[in-house]
Amino acid sequence: MTTQDSSTGEAAPALAAPPHYDYACQYVASGETTLRCSKCNRPLMPKDAKRTPTGYVCTYYVKARVATFYNAGIEHYVLVAIVALVLGAISGFVLNFVGNIGFFALILVIFAGPAIGALVAEAIRRVLGRVRGMYFWLTAAIALVIGAVFLLLPSIFSVLAGNIFSLIPFLGLGLAVSALVARMRI
Ligand SMILES: [Zn+2]
């Protein structure tokens with residue numbers, strides 16, 4: 001498994017037989033090391049090593065994996081935003097309605113908020129399928145809030161008019177957003 005490693009520096013690349021590396025990592029060890037990247041087999045400095053279940057890998061391999069893991073295009077982000085916006089509007093309508101029933105709404109919203117967040121996350125997962133985006137969670141969270149806020153305008157005015165119970169829908173929205181982010185952020 002180990003290759004004879006006399007001098008793999010930049011000194012004489014033409015003379016030495018090019019070592020076989022499995023992945024096109026750009027990693028070059030900055031000093032002497034006995035550790036090797038378990039993926040590309042390049043000498044690896046302990047400070048650059050990233051621990052994975054299959055061994056230590058270089059930072060370039062990690063970056064390349066991240067790049068292929070997230071495969072979403074701009075159209076997918078638009079789709080995420082639309083789904084979250086529509087469901088956000090529905091959530092805003094529901095929360096606004098619930099907010100009008102007074103103190104009992106508080107208990108209702110503590111359960112409904114996280115459920116809404118989970119529902120939106122699940123809807124996005126179903127619509128997007130195997131498409132993954134690094135900032136899907138952020139896109140969804142912002143769209144959810146924007147979608148909900150318009151429907152929550154009556155509650156906003158009610159809060160401004162001094163009705164403290166009208167803050168309850170916003171608690172629900174906050175719980176929904178945190179549940180959504182928790183589920184979407186891997
Ligand atoms: Zn590597």
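The values are calculated or read from the model by the stated rules, or taken from the named source; none is laboratory data. Worth saying up front: this structure is predicted, and the values here are computed from it rather than measured. Cβ coordinates were reconstructed from backbone atoms using ideal geometry, including for glycine residues, and neighbour counts include every protein chain displayed.
So which residues in the stretch 102-149 are farther than 14 Å from ALA81 by Cα, within 15 Å of the chain's Cα centre (by Cα) and aromatic (Phe, Trp, Tyr)? If the condition is that a residue be farther than 14 Å from ALA81 by Cα, within 15 Å of the chain's Cα centre (by Cα) and aromatic (Phe, Trp, Tyr), then no residue fits.
Picking from residues in the stretch 39-68 that are buried (at least 18 other Cβ atoms within 10 Å of the Cβ) and part of a loop (DSSP other than H, G, I, E, B), the one that is farthest from the ligand (Cβ to nearest atom) is ALA49. The set of residues from the stretch 67-93 being farther than 20 Å from ARG126 by Cβ and in contact (Cβ under 8 Å) with a residue 12 or more places away in the chain comprises GLY92, PHE93. Go through (1) touching a Gly at 6+ places or on another chain (Cβ under 9 Å); (2) aromatic (Phe, Trp, Tyr); (3) under 30 Å from ASN71 (Cβ atoms) and name the single condition PHE165 misses. Exception for PHE165: condition (3). ILE101 meets the stated requirement of being part of a loop (DSSP other than H, G, I, E, B), hydrophobic (A, V, I, L, M, F, W, C) and more than 21 Å from ALA72 (Cβ to Cβ).
Checking each residue of the stretch 126-136 against the condition of being free of Cβ contacts under 8 Å to residues at least 12 places away in the same chain and in a helix (DSSP H, G or I) gives at least one match. Give the residue, chosen from ALA118, ALA140, that is part of a helix (DSSP H, G or I), in contact (Cβ under 8 Å) with a residue 60 or more places away in the chain and either crowded, with 19+ Cβ neighbours inside 10 Å or of a type outside the set (Gly, Ala, Ser) (or both). Testing whether each residue is part of a helix (DSSP H, G or I), in contact (Cβ under 8 Å) with a residue 60 or more places away in the chain and either crowded, with 19+ Cβ neighbours inside 10 Å or of a type outside the set (Gly, Ala, Ser) (or both) leaves just ALA140. In the stretch 74-96, the count of residues that are away from the ligand (no atom under 16 Å from the Cβ), of a type outside the set (Gly, Ala, Ser) and in a loop (DSSP other than H, G, I, E, B) is zero. The residue of the stretch 29-38 that is modelled with the highest pLDDT, among those that are near the ligand (Cβ under 9 Å from one of its atoms) and part of a loop (DSSP other than H, G, I, E, B), is CYS37. GLY147 meets each of the listed conditions (1) more than 13 Å from ALA176 (Cβ to Cβ); (2) away from the ligand (no atom under 16 Å from the Cβ); (3) in a helix (DSSP H, G or I) apart from (1).
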